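The values are calculated or read from the model by the stated rules, or taken from the named source; none is laboratory data. These numbers come from a predicted model, not from an experiment. So basically every Cβ, Gly included, is an ideal-geometry build from the backbone, and we count neighbours across all protein chains shown.
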Amino acid sequence: MPALAITLALPLPDTAKLTPKIRDAICHALELQNRQTLQTILRDKLSLHGPNTLGIRTGKLRDSLTATTPQIQNNTIATTITAPVPYARAHEYGYKGPVTIRPHTRTTKTHTGKKITTLIHAHTTRMNLPQRSFIRSTLAQRAHDYKQAIAAAINNT
């Protein structure tokens, strides 16, 4: 699966009237909001165990989360949060379909404690992974904070 990238695009007032100082203040404010969003995702969506959270297995997904530097184009400002691990998209949107299992070995113990190694051949199975949005849901929760940060950056500069 391709990397997961979710972009948040917010409207701006007429950008022709925005001075470079105001543009920089808006970008800085959104960078701070991105950091807070990433912290919220890590704390509330990727660390807790529950039906709507992912919890931690290896920490790869947590470590892979990044946010791009906000970019102003036309009358919008956009920033993207990415998670380049292959399974991030399946968790964010859910997945129902076939999955190919690679050949591997499985080691089990008998009731006497003897180890038995079994070769598992490559095969296809069906997966039904429910949607557990961690980026989109957090961006939706924090959209008001992003808008307030933009307004504060414009008014305070």
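With within 26 Å of residue 51 (Cα to Cα) and either of a type in the set (A, V, I, L, M, F, W, C) or not assigned by TED's automatic domain parsing to the domain that holds residue 32 (or both) as the only criterion, which of 152, 143, 122 stands out? Break it down into steps so the answer makes sense when it comes.
Numbers: 152 fails: within 26 Å of residue 51 (Cα to Cα); 122 fails: within 26 Å of residue 51 (Cα to Cα).
None of the other options fit; the residue is 143.
When every residue of region 44-62 is checked against the conditions, none turns out to be within 30 Å of residue 17 (Cβ to Cβ), touching a helix residue (DSSP H, G or I) at 6+ places or on another chain (Cβ under 9 Å), in the same structural domain as residue 12 (by TED's automatic domain parsing) and among the aliphatic types (A, V, I, L, M). Considering the conditions (1) within 19 Å of the chain's Cα centre (by Cα); (2) under 30 Å from residue 18 (Cβ atoms); (3) in contact (Cβ under 8 Å) with a residue 12 or more places away in the chain, residue 140 is excluded by exactly one of them, (3). Taking into account only those residues within region 42-75 that are of a type in the set (Val, Ile, Thr) and farther than 15 Å from residue 8 by Cα, which is surrounded by the fewest Cβ atoms within 10 Å (Cβ to Cβ)? Residue satisfying both the conditions and the ranking: 58.
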